[in-house]
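Below is one structure, written out as structure tokens; the observations come after it.
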Amino acid sequence: MVEHGAKGAGRGPGDHGRRPRRTGLALTAATALALAASACGSSSPTAARHHTASTTTTAATGAASTTTTAATGAAPASTTTVAKASAPASHSTTPPSAACSTSGGPLSAACDTKSPSLQVTGAGANSIQPFFTRAFYFYNQADHGVNVNYSPAGSSVGVSDIQQNTVNFGDSEIPIKTPATGTGGAILQVPVDLGGVALSYNLPGVSGGLKLDGPTVAGIFLGTIKAWNDQAIKALNPGVSLPSTAVVAVHRADSSGPGYDLDQYLIDTGGSAWTSSAAGTTPSTKWPVASVGVGQQLNTGVANYIQQTPGAIGYVEYAYSLQAGFTNAALKNKSGGFVTPSQSGIAAAGAQAAGLSASNFNIVNGPGSGTYPLANFSWTLIYQKQANATLGVVLGKLFDWVTTTGQNQAAALGYSPLPANVVALAHQTLLQLQNAAGKALFSS
Amino acid sequence: MSSSLLEEVPPPRLDPVRGVREALRRRHARPGGRLYATLRWAGAGVFAALVLGLVISLVWSSSDAVRHFGPGFFWSGTYDAAKDEYPTGVFIVGTLVTTAVALVLAVPVGLCAAAFLSELAPRWLAAPLSVAVDLIAAVPSIVVGLWGLLVLTPVFRDHVEPFFKSVPVLEWLFHGQALGPSMLLAGVVLAVMILPTVVALSRTAMRGVAVADREAARALGATRWQVVRTAVVPGARTGIEAAVILATGRAMGETIAVAMVIGNNYSFTHSLLAPGATLGSAIINNFAEASPGIDRSAVIGLVVTLLVITALVNVGGQLLLRARARAERP
């Protein structure tokens, strides 16, 4: 072609060699600058973590050490006495009589950070990701040999991955229907976290704590309540001046644990309007009424959309709502009280779990004046029979740490520490871990 | 006689029938003997087997759901999460509408850009502009989707959608609340993604038009625009049509970028400002977490539907163009 001939005259092979090197250097410098900027950026979750860490320094120092006395004393000042009392009471503060063994031995808080080195992979719920990221980071600080890689692709992905034995552990907001089995045999379900679902809204001029109950929330998500100054909302909030902004209901386009909780709450309290709609009478992780409003992916997608859109209301994991500084609705609980999501409200809901097990896990719409109605435990899924005994020991110690010492990290992010009976249940479940021959991995 | 593949084809015998057979075989045999022939057939066979295997395995996996729901699976409008019923009809309409919006936006702009790059741009401008257009094609879909979600959505909600709502003539097409995520926004994002395909292929087609045709038009007194309209574009017609068909295929199959900006609302609506859903967005939102059984089979059914529709549009488009070309031949 004519142009190539005319243009190519002044170009020699030497020029081609010099340019890639210069651009390569520029690219590396730009990447390094970008990484440095993102590390210092104020809107990143890492920065938020550091910020909360600085206000709860006792929690950080407590988690770094391995003794139980530090754990009980390091509960952050912002939590109530309920949380303090729920710190590991089932473990004695004196060292166990048998020495900690890296290949099993006693399963106790003192021995949790003395495990073999291993890379561990897990997949599961998006809602527990902030807690797991922080907890696994602090565990790695205490036990440098264990690196955990967690993929928050969703509860159902976690369940199917562990059932097909492609990850070392899974996590799901809703436990597998008992008996839980996969290709590797029976699956143990360990409660590791207590979180809540916030109903966040973006209404300029209206402060947090707008009172909503089951029928109004059902009306919002069914599309029958179209504006914020609707009669139903006004009746619940007599003193508040509500704008005429249109309501935009935001739901999760993918399957979600928070959606399951809200669906359960609306089935219990939303009346016939909800149960006679596409929602039916069984809660589902897929949001059932997808013909109203807008759907976004993951907690982050919903949170981002609520932040951008005046008049939007949607459900997000409380930890995300806390991080984003959202205004949350005060939901009516079983006793008639209107409660906004908070650690104490979620802890009160967790305290209702008297006979908690993988087949009896529902704590939505619990009674009590201070109970927040949308709360749930998150369940870690591991095989009972571990073909690789080292992996079994690492997993047992890791999740024993997560359910005891690691709960301090949960409180810093907006989750509630596990109540004492649930910690005991987790411990008992982990003791069921066996090696390939069927022998228990831990002595006590 | 050893039967190594590297053995050359033996010379024909003197027997007449055998001789004819051998002569024909030698005519069709190529240098290198049987090895080359085997490799040729193996290559073509592997490719055909892959495509056939893909289609067959998808159809097989979706057969459970289709048997369960009946043929109504392919045009259903109801979404029942508990019964694993997906509104395939809604998704099909959403796919066609967003693709149509993307083509309406991308094809005219793309053709004008291609004409500019091939005919009107000075050489110092044409090269960097072509590179820039190709760079848009190199941007991953999820990045475009994220850009649409974070940057375009507020712009659409606050400015573009209210503007379209205010135009009185178009009210049937643009009504309802301006939410941001909508079929219109998804169409715009798709248009951005298919634009490089249209521009690059059309530009190549236009540059392939013989210089003599252009000079003939100039000689007859055509202005630059008339040269493009009467000599270049008709001459590049087959290339431009191929570009449009390729772009259509890409727009129909796009998943993550659309899922982030379309609003994931499973209902029929004739407003472009309403959130909707396409086959691609539904597949990507539901497949990872589909419970094994009817649910997963139903999502694979959506994949098969997308495959069939893309094939129909491709084949239909090609047949239409071929019929038109045949009709226009003197």
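Quick look at the values:
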quantity: Peptide-level mean, for A:137-150, of C-beta atoms on other protein chains within 10 Å; calculated: 0
quantity: Neighbouring partner chain Cβ atoms per residue of A:281-292, average, 10 Å criterion; calculated: 5
quantity: Amide hydrogen neighbours beyond the local backbone of A:Gly182, cut-off 5 Å, H modeled; calculated: A:Ile187
quantity: Approximate spin-label separation B:Glu171-A:Ala420, in nm, with each point projected 7 Å along Cα-to-Cβ; calculated: 6.9
quantity: R0 of 51 Å, Cβ-Cβ distance B:Ala288-A:Ala99: FRET efficiency to nearest 0.05; calculated: 0.70
quantity: Segments A:202-213, A:152-163, B:179-190 sorted - mean Cβ within 10 Å per residue, highest first; calculated: B:179-190, A:152-163, A:202-213
quantity: Normalised contact order of the stretch A:213-287, rounded percent, pairs of Cα under 8 Å and 6 or more residues apart; calculated: 37
quantity: Counted charge near A:Thr340, where neighbours are those whose Cβ lies closer than 12 Å (Asp, Glu -1; Lys, Arg +1); calculated: +2
quantity: Cα-Cα pairs of the stretch A:106-256 separated by more than 24 Å (percent); calculated: 53
quantity: Burial order of peptide ranges B:61-72, A:122-133 (average beta-carbon count within 10 Å, highest first); calculated: A:122-133, B:61-72
quantity: Gain upon complete extension [B:Thr38, B:His68; 0.36 nm per residue less C-alpha separation]; calculated: 6.4 nm
quantity: Rounded FRET efficiency, nearest 0.05, which uses the C-beta distance separating A:Thr121 from B:Val104 and R0 of 51 Å; calculated: 0.65
quantity: The stretch A:120-165 versus the stretch A:333-392: alpha-carbon centroid distance in Å; calculated: 19
quantity: Extension gain (nm, one decimal) between B:Ala132 and B:Val20, 0.36 nm per residue minus Cα-Cα; calculated: 34.3 nm
quantity: Burial order of peptide ranges B:282-295, A:401-414 (average beta-carbon count within 10 Å, highest first); calculated: A:401-414, B:282-295
quantity: R0 of 22 Å, Cβ-Cβ distance B:Val155-A:Gln307: FRET efficiency to nearest 0.05; calculated: 0.90
quantity: Charge sum, other residues only, whose C-beta stays under 12 Å from A:Ala375's C-beta, Lys/Arg counted +1 and Asp/Glu -1; calculated: -4
quantity: Cβ-based exposure ranking for B:Cys112, A:Cys100, in which fewest neighbours within 10 Å come first; calculated: B:Cys112, A:Cys100
quantity: Cβ-defined net charge surrounding A:Asn299, 11 Å radius [Lys, Arg +1; Asp, Glu -1]; calculated: -1
quantity: Average beta carbon contacts from partner chains per residue of A:436-442, 10 Å cutoff; calculated: 0
quantity: Euclidean distance between Cα centres, the stretch A:397-444 to the stretch B:161-191, Å; calculated: 52
quantity: The stretch B:230-330: relative contact order as a whole-number percent, Cα under 8 Å and 6+ apart; calculated: 25
quantity: A:Lys177 versus B:Thr230: modelled label distance in nm, points set 7 Å from Cα along the beta carbon direction; calculated: 7.4
quantity: Length gained when the stretch A:Gln231-A:Lys439 is fully extended (0.36 nm per residue, less Cα-Cα span); calculated: 68.5 nm
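Each value in this text was obtained by applying a stated rule to the coordinates, not by laboratory testing. As the structure is a computational prediction, the values presented were derived from the model and not from experiment. We place every Cβ from the backbone using ideal geometry, glycine too, and count neighbours over all the protein chains shown.
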